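Following: one structure in structure tokens, then a few remarks.
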Amino acid sequence: MTVLGSFGRRLVTTEVVSLSRLKWLGIVLPFAALIALVVLLRSSFHDWLHESPGLFFLAAILGVCVFAFASVMFALIEDLEARVVEQNRELSRLLARTDRQNAELAALLTVGRASASSLELSTMLDEALDAIVAVTSAEAAEVWLAEGGGLTLECLRGVGGDAFGSRSRLLPGEGLPGIAATSASIVVVHDRSVDSRFAHDEVATLGLRTFCALPLRRPTGTIGVLAVAARSEAAFESPDERRLLEGIGDRVALAIENARLHEQVLDRAVLEERERIARELHDGLAQVLGYINTQTQAVKKLLETQRVGEATSELDAMGAVAREVYADVREAIVGLRGAPTGLVPAIRDYLSRLPRMPGCEIEFRVVDDGEHVTLPPATEIQLVRIVQEALSNVRKHAEASHVEVVVGADGEEVELEIVDDGHGFDPLLRDPTGWPRLGLQTMRERAQAIGGALDLVSAPGHGTRIAVHVPVHETEEVAGAGAPR
């Protein structure tokens, strides 16, 4: 049976016998054996086969054939069954590996999506640590940020929040996170009780034995540490798990860098806005106050010499200047208020709160797809500031009776126009008052900051037309740029 079984298994191994051939062998071989028996019974041995020795001989031959056939067939079937079982096991392993890889990919996508969709560092880190706890053997995770020469605990997830949170500051080289940050290499400990580098004695009662500290590196250096912990001593030994942690760490590091750059942009925008307000106060309010102070002294001398008519004229001039600067201040306050979402609602809101211009009507129109245009907030603010600057110059210099503000969009670009019927000017001339040089330059810089361009058409006696063109794809790319000034 062993020889026949080995022969059957060899047949399957060499793939000489397939299931289809096995079926035909099961049909043909018994039929062939029956034909051989009939031929034998009709041969010259016919009489002898009917005697006792012949009958025993036939029975022996039949038994041997049945036994041999059954041995070969069962060996084939058993080997095929073993191969099917092994293939099922391999398929189960592949499915388990696929499920694990899908979970890891989902974790990376979750972290990547959180990094791309939110500049709020706390929100992004919460989602990243939740993903780590969900798809790895980690039962606790925390992120430390490099600040002030040490590490500051920024976020933690999993078991033992109170215990881990008991220390929120580590010095360089202190604890596993400090060592990972200093050495810029991953640090793994599989038995906390015998490793003196672990500085969190408060978590001893949690049963966490394995710890891993992964430095968060960027080209500028190490910006933080991702630390994870688990109860199993075999945790974080798998290369796949290490690779997943490193992949998540890379995305977390990029998100931290982006969030910090965003904060720097906002800080710079605030400083620039303060500088702009300071310049406007110096060029406007401060100069007017200086003028009023000088004129007050002059009026005082006129009154002392009984020149009341001249004093009255000076007071009237001072009143006109005061009303002018008051209008400037009100416009600035209106422009600094938060605008509604959407360019058209933002301009409508600004115009509704803008002080009326005596003798000048302002008309707002929306053409084409302008009503439905959606732009990044930074782009909307810059366009509203351009409208504010243009209308301020119309009030101060144009002596217009009608102004049109028009917003349009065609899918490729957004167009903003401010057209007045004032006396116009020669754009090549530089007015000592600063218009159009200073005001026009400011509007051009705002348009360029959002990837657009500003066109000016004006001539003495023919009014002024200012047009800003901003490509839609540019507005998407500068969603975080062009901070308002």
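The values are calculated or read from the model by the stated rules, or taken from the named source; none is laboratory data. Given the structure is predicted, the values throughout are model-derived calculations rather than measurements. Every residue, glycine among them, receives a Cβ derived from its backbone with ideal geometry; neighbour counts consider all protein chains shown. For accessibility, only protein heavy atoms count, side chains too; no ligands or nucleic acids. Shrake-Rupley method; radii C 1.70, N 1.55, O 1.52, S 1.80 Å.
What FRET efficiency comes out for Ile77 versus Val39 if R0 is 22 angstrom and r is the Cβ-Cβ distance? Round to the nearest 0.05. Show your work: numbers first, answer last.
Details: r = 30 Å, r/R0 = 1.37.
Computed FRET efficiency for Ile77 and Val39 comes out at 0.15.
Which order do Lys396, Lys301 take when ranked by solvent-accessible area (1.4 Å probe, heavy atoms of all protein chains), largest first?
These residues rank, largest area first, as Lys301, Lys396.
Applying a 10 Å radius around every beta-carbon, put 221-227, 355-361 in order of their mean neighbour count, most first.
Values: 221-227: 22.1, 355-361: 11.6.
Highest to lowest by the protection proxy: 221-227, 355-361.
In square angstrom, rounded to the nearest 10, how much accessible surface does Glu237 have for a 1.4 Å probe?
Near enough 110 Å² of accessible area.
I need the phi-derived Karplus couplings for the stretch 384-390: 6.51 cos²θ - 1.76 cosθ + 1.60, θ = phi - 60°, integer Hz, Gly and Pro marked x.
Here the 3J(HN,Hα) series is 5, 5, 5, 4, 4, 5, 5 Hz.
How do the peptides 379-390, 178-189, 247-258 rank, highest first, by the average count of neighbouring beta carbon atoms within 10 Å per residue? Could the numbers behind the result be given before it?
On the way: 379-390: 23.4, 178-189: 18.8, 247-258: 20.5.
Put in order of decreasing packing, that is 379-390, 247-258, 178-189.
For the stretch 442-449, in order, what is each residue's ³J(HN,Hα) by Karplus, 6.51 cos²θ - 1.76 cosθ + 1.60 with θ = phi - 60°, in whole Hz (x at glycine and Pro)?
Listing the rounded values in order: 4, 5, 4, 5, 5, 5, 5, 5 Hz.
Let me check something: with ligands and nucleic acids excluded, how do Arg268, Arg157 order by accessible area (1.4 Å probe), largest to smallest? Present the calculation step by step, with values, prior to reporting the outcome.
On the way: Arg268 155, Arg157 80 Å².
Listed by decreasing accessible area, they come as Arg268, Arg157.
Could you pull out every residue, at least 5 positions away or on a different chain, whose amide H is within less than 5 Å of the one on Phe236? Hs are placed 1.01 Å off N in the peptide plane, and Pro or chain starts have none.
Close amide H contacts, sequence-distant or interchain: Ser137.
Could you tell me how far the Cα centroid of the stretch 361-384 sits from the Cα centroid of the stretch 211-238, in Å?
48
Which residues' amide hydrogens lie under 5 Å from the amide hydrogen of Glu413, considering only partners 5 or more residues apart or on another chain, with H built in the peptide plane?
Val472
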